[in-house]
Amino acid sequence: MLTTDSYELLRQLASPIVAVTSAHAGRTNGMILDSAIRASISPEHPRLSVYIHKWHLSHDLVGASGRFGAHLLHQGQFDLVHHLGFRTGRRVPDKLGTVPHRIGETGVPVLADCHAAFECRVLNTMDAGPSTLFLGEVVATHRGVDGAVLTAEHFRANLPEAWREEFLTNYREAQERIRDLADVEDVRRWRGPTAT
């Protein structure tokens, strides 16, 4: 895994581990990411954003449907992270087949066992080079299991040794893909502050 001082400091900004679910044209998928953030402090306009790498099946499904589910996981869900995060939906035809879930109000899968779930409608997108930022309006919220939320730091510190090499291989592959896709294609240059 490549690392630098800046990268190690940026890791401190990682969000809790989030499972993203999506559905389009009869296909469903689930994946793991650690780049989800609250995007509004207004209870009247609840929003969150997720960054999804462009090579993931979920990227295509969210882009085509304009909907996604975001799930905060609890610390007992290491197996779910392994199941959804260590394999791609492009090679596994039904990643959610053995994961307990139901179809939510927006048509996206809502996981049965999680800390909380948010069903979102995409309001806007931004090209971020190797990923797309999807800004979502929260349409429905579901409370789940109480307890500590699963963070990237906790996951890395308690990663089962049997998964370590697979985790590092996937991480290195993602870093290589990012290097090839680092250019932002849809650039909207900021012109500086507006005069008042």
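The figures follow:
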quantity: Matching residues, the range 5-34, being out of contact with any helix residue (DSSP H, G or I) (no Cβ under 9 Å at 6 or more places or on another chain) and assigned to a loop (DSSP other than H, G, I, E, B); calculated: Gly26
quantity: Count of the range 42-85 residues which are surrounded by fewer than 14 Cβ atoms within 10 Å (Cβ to Cβ) and farther than 23 Å from Thr141 by Cα; calculated: 1
quantity: Selection count, the range 35-48, where residues are in a strand (DSSP E or B) and under 9 Å from the mean Cα position of the chain (by Cα); calculated: 1
quantity: Which listed residue, of Ala116, Ala36, is surrounded by fewer than 19 Cβ atoms within 10 Å (Cβ to Cβ), in contact (Cβ under 8 Å) with a residue 24 or more places away in the chain and out of contact with any Asp or Glu (no Cβ under 8 Å at 6 or more places or on another chain); calculated: Ala116
quantity: Scan of the range 92-132 for residues that are within 16 Å of the chain's Cα centre (by Cα) and hydroxyl-bearing (Ser, Thr, Tyr), ordered by number; calculated: Thr125, Ser131, Thr132
quantity: Every residue from the range 134-187 that is of a type in the set (Val, Ile, Thr) and either in contact with a Lys or Arg (Cβ under 6 Å, 6 or more places away or on another chain) or closer than 30 Å to Arg102 by Cα (or both); calculated: Val138, Val139, Thr141, Val145, Val149, Thr151
quantity: Val139 being in contact with a Cys (Cβ under 9 Å, 6 or more places away or on another chain) and outside any loop (DSSP other than H, G, I, E, B); calculated: yes
quantity: Gly147 vs. criteria part of a loop (DSSP other than H, G, I, E, B), among the small types (Gly, Ala, Ser) and modelled with pLDDT of 95 or more; calculated: no
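The values are calculated or read from the model by the stated rules, or taken from the named source; none is laboratory data. As the structure is a computational prediction, the values presented were derived from the model and not from experiment. In this analysis, Cβ positions are derived from the backbone assuming ideal geometry, glycine residues included, and neighbour counts consider all displayed protein chains.
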